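Read-outs throughout are calculated quantities, based only on the coordinates presented, and are distinct from any laboratory measurement. All values derive from a computational prediction rather than experimental measurement. Quick reminder, even Gly has a Cβ in these numbers, built from the backbone with ideal geometry, and neighbours come from all protein chains shown.
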There are 2 protein chains.
Amino acid sequence: MASLNVPSQVPPVAEDCEKLRKAFVGWGTDEACVISILAHRNAMQRSLIRQTYAETFGEDLLKSLADELSGDFERAVLLWILNPAERDALLANEAIKKGSAGHCILMEIACTRSSHHLFLVREDYHIRFKRSLVEDVAHHTSGEFRKILVPFLMAHRYEGPEVNMELATSEAKIIHEKITENAYSHEELIRILTTRSKAQLSATFNSYNDLYGSTINKNLKADPKDKYLAFLRGAIKCLSYPEKYFEKVLRLSMKGFGTDEESLTRVVVTRAEVDMENIKEEYHRRNNVSLENDIKGDTSGDYQRMLLALIGNKSV
Amino acid sequence: MASLNVPSQVPPVAEDCEKLRKAFVGWGTDEACVISILAHRNAMQRSLIRQTYAETFGEDLLKSLADELSGDFERAVLLWILNPAERDALLANEAIKKGSAGHCILMEIACTRSSHHLFLVREDYHIRFKRSLVEDVAHHTSGEFRKILVPFLMAHRYEGPEVNMELATSEAKIIHEKITENAYSHEELIRILTTRSKAQLSATFNSYNDLYGSTINKNLKADPKDKYLAFLRGAIKCLSYPEKYFEKVLRLSMKGFGTDEESLTRVVVTRAEVDMENIKEEYHRRNNVSLENDIKGDTSGDYQRMLLALIGNKSV
């Protein structure tokens, strides 16, 4: 369930645009106004605002916002304004440039979005970068990461509920065999993870538990420091329990001293309209404290207010 | 350029449906009427006919046709009636079931259709078979064919005209290196062929010619009987000169005694609305005889009339 809070009576688009324009006029910016409008409109409404703003004031709202805002708040607002496919194309391109640090972000995008959404991301990537997403990933990765990232990002999984239980059992056995042989990038393992539907994979993972009395992810901890194994565990979570995956990313982003604002922003912005309520629930269950509480402890100012609004805090 | 011949004044859909229904009534079927209508309507018009026919007579036109027609003529008409993405999903599924004999058909579909069309094929495959196309291909192929067919069918290539000449040179060198090492299924070779845009690949292939004074396909003839090498040569043709690829499939389908009706039908039906005029031109240039002539020599009856109508013969 989404956490985004849209008022039951949304003002006319022209009124939103006027207010935003006023918030930018003169010295300083009325950040509260920006949040009160943009953090409470869904993707379709934000897209209309952006279009109407450009028609009315002859300037892209993104540009106005980039001129007026700064820091983590700016990044959160700009990512939020983009339509979801456009945003993922941008995030994927940034991730490619990060090298190995970006592998998990690419996997996250590939494994937690729908087949149709991934198609739109690839289309948007073409338009924006004049190359294909997979072309860039294949060119800038190597070894076992390339071997699995390319088919992950190319995936066009079936999304129906049908499950073949015999296949689940036979493929659970294949996965177990490959894990036992430490053949973590074996083509059969990759084939199963990158082509089967999520419903089928869930059945396979359950079958694995039943057959071997342990989860796949437990058995993928041979070397806790191995980055590829961590990547695989993340992928299996994304494919079967995305809210657990996102809970962990959020938890780690605020753990100890300092905050990983990039991850925090990415997860809040990309999940607010999708499943943030489930992630919040998982967060509370795992940490005995609410996500809201931890965000309040780790962030401040307009950035904090923006994140809180997106995760559904009604007072912002 | 397409060869399909649509009259400048197309009768109302209801009239087409009435005529078709009459063609089926009583003993025997009026095949000439079926051809005169269906072989002269584009994909959109055929789809409308199918819809209106079902609404008017409570029966799917496909079923009526399957009941009334038979043999190669039936197959040609049924494939033609399907919308192009639906048809390719069906052809791909048939090809998967053929085992190694189907590899080239899968490659043909993957390498000669647009990115958007391939997306529609994958969507249609989901609906029709409750699994994904790539899932089935990955499950039913192995070795070097799997290694290249899976990314071919997953491809979502950039389709713009932009070309990076430096990249073309460097990747031509990679291809040459792999061919020299007989490493025909090396991941770099596969990465280039399966992810780069067709414009970029053309530049790479041209660069290869300039650098090494020979085409890639000539250098891929180390063992003329090797099926994987033949597959690679076909893929390179499909990606750069599809009309040459299709000319060869047509030529071989009618060479010597007997006819390979399956290939003949597939190429005529799938290309009539796309580039059959270019294929006909290439055919004439290569064989000093027109495609029409050879079809007349190798086929007969309604099947012949259907094919001739589709390749633009105005007397049918």
(message) Only four residue types carry charge here, +1 at the Cβ of Lys and Arg and -1 at the Cβ of Asp and Glu. Report the dipole size of region B:1-150 about the Cα centre in Debye, rounded to the nearest 20.
(response) 460
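Between B:S8 and B:S142, what FRET efficiency follows from the Cβ-Cβ distance if R0 is 51 Å, with the result rounded to 0.05? Before the final figure, lay out the partial values.
Details: r = 52 Å, r/R0 = 1.02.
Calculated transfer efficiency: 0.50.
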(request) Only Cα pairs under 8 Å and at least 6 apart count here; give the relative contact order of region B:165-240 as a rounded whole percent. (result) 32
(request) Let me know the Rg and Dmax you get for region B:165-240 when you use only its Cα atoms, in Å. (result) 11.2, 34
(request) Using the 7 Å Cα-to-Cβ label point, sort the distances from A:S70 to its equivalents in the other copies shortest first and give them in nm to one decimal. (result) 8.4
(message) Looking for one value pair here: nearest-to-axis residue in chain A (by Cβ) for the rotation onto B, and the distance in whole angstrom.
(response) A:M154, 2
(request) Would you mind listing the distances between the B:L211 label point and the same position in each other copy? Use 7 Å along Cα-to-C-beta, nm, one decimal, shortest first. (result) 4.5
(request) Provide the per-residue ³J(HN,Hα) series for region B:107-123, in order, calculated from phi with Karplus coefficients 6.51, -1.76, 1.60 and θ = phi - 60°, each as a whole number of Hz, with x at glycine and proline positions. (result) 4, 4, 5, 5, 9, 10, 9, 6, 4, 5, 4, 4, 4, 5, 4, 5, 5
(request) With N set to the residue count of region A:243-310, report its C-alpha Rg divided by 2.2 N^0.38 Å to two decimal places. (result) 0.97
(request) Could you run the Karplus curve 6.51 cos²θ - 1.76 cosθ + 1.60 with θ = phi - 60° over region A:171-179 and give me ³J(HN,Hα) per residue in whole Hz, x for Gly and Pro? (result) 7, 4, 5, 4, 4, 4, 4, 5, 5
(message) To make sure I understand the rule: partners must be lysines, Cα under 22 Å from the Cα of A:K237, and not fewer than 8 residues away in the same chain. Which ones qualify?
(response) A:K147, A:K173, A:K178, A:K198, A:K218, A:K221, A:K225, A:K227, A:K248, A:K255, A:K280
(request) Please give the FRET efficiency for A:A230 paired with A:E262, using the beta carbon to beta carbon distance and R0 = 22 Å, rounded to the nearest 0.05. (result) 0.75
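Using 1/(1 + (r/R0)^6) with R0 = 56 angstrom and r between the beta carbons of B:A32 and A:S202, what's the FRET efficiency to the nearest 0.05?
Values: r = 55 Å, r/R0 = 0.97.
Once rounded, the FRET efficiency stands at 0.55.
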(message) Treating only the Cβ of Lys, Arg, Asp and Glu as charged (+1, +1, -1, -1), what charge dipole size does chain A show about its Cα centre? Round to the nearest 20 debye.
(response) 580
(message) Give me B:S142, B:S8, A:S300 sorted ascending by neighbouring Cβ count inside 10 Å, so fewest comes first.
(response) B:S8, A:S300, B:S142
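In units of 2.2 N^0.38 Å, what is the alpha-carbon radius of gyration of region A:44-160?
Numbers: Rg = 15.8 Å, N = 117, 2.2 N^0.38 = 13.4 Å.
So region A:44-160 has a normalised radius of gyration of 1.17.
Just to confirm a number: summing +1 for Lys and Arg and -1 for Asp and Glu over residues other than B:H126 whose beta-carbon lies under 15 angstrom from that of B:H126, what do you get?
Numbers: positive: A:R157, A:R196, A:K198, B:R122, B:R128, B:K130, B:R131; negative: A:E159, A:E162, B:E86, B:D88, B:E123, B:D124, B:E135, B:D136.
Counting the neighbours of B:H126, the net charge comes to -1.
Rounded, prolate or oblate: which fits chain B, taking a ≥ b ≥ c as square roots of the Cα gyration tensor eigenvalues, rounded meaning a/c under 1.5, else prolate when a/b beats b/c? Walk me through the intermediate numbers first.
Working: a/c = 2.12, a/b = 1.79, b/c = 1.19.
Taking the square roots of the gyration eigenvalues as a ≥ b ≥ c, chain B is prolate.
Can you tally the net charge around B:K178? Count Lys and Arg as +1, Asp and Glu as -1, for every other residue whose Cβ sits under 12 Å from the Cβ of B:K178.
Working: positive: B:K173, B:R191; negative: B:E171, B:E177, B:E181, B:E187, B:E188.
Once all neighbours under 12 Å are counted, the net charge is -3.
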(request) Just report the Cα centroid separation between region B:45-119 and region A:26-90, whole Å. (result) 46
(message) P(r) for region B:43-90, please, calculated from all Cα pair distances in 5 Å bins and given in %.
(response) 5, 22, 28, 27, 16, 2
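For n ≥ 4 DSSP H runs only, could you compute -39500 (n - 2.57) per run for chain B, divide by its residues and tell me the 222 nm figure to the nearest 500?
Values: 20 runs with 225 residues, N = 316.
About -21500 deg cm²/dmol.
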(request) Mind jotting down the distance between the C-alpha centroids of region B:250-298 and region A:171-203, whole Å? (result) 44
(message) At a threshold of 8 angstrom on Cα-Cα distance, excluding pairs fewer than six apart, so keeping six or more, what relative contact order does chain B reach in percent?
(response) 22
(message) Springs between alpha-carbon pairs under 10 angstrom, Gaussian network model over chain A: which of A:R305, A:R191, A:R75 fluctuates most?
(response) A:R191
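Beyond 45 Å, what share of the Cα-Cα pairs of the protein assembly as shown is found? Please give it as a whole percent.
Working: 61363 of 199396 pairs.
Counting pairs separated by more than 45 Å, the tail of P(r) holds 31 percent.
Would you calculate the convex hull of the Cα atoms in region B:13-69 and tell me its volume per residue in Å³?
69
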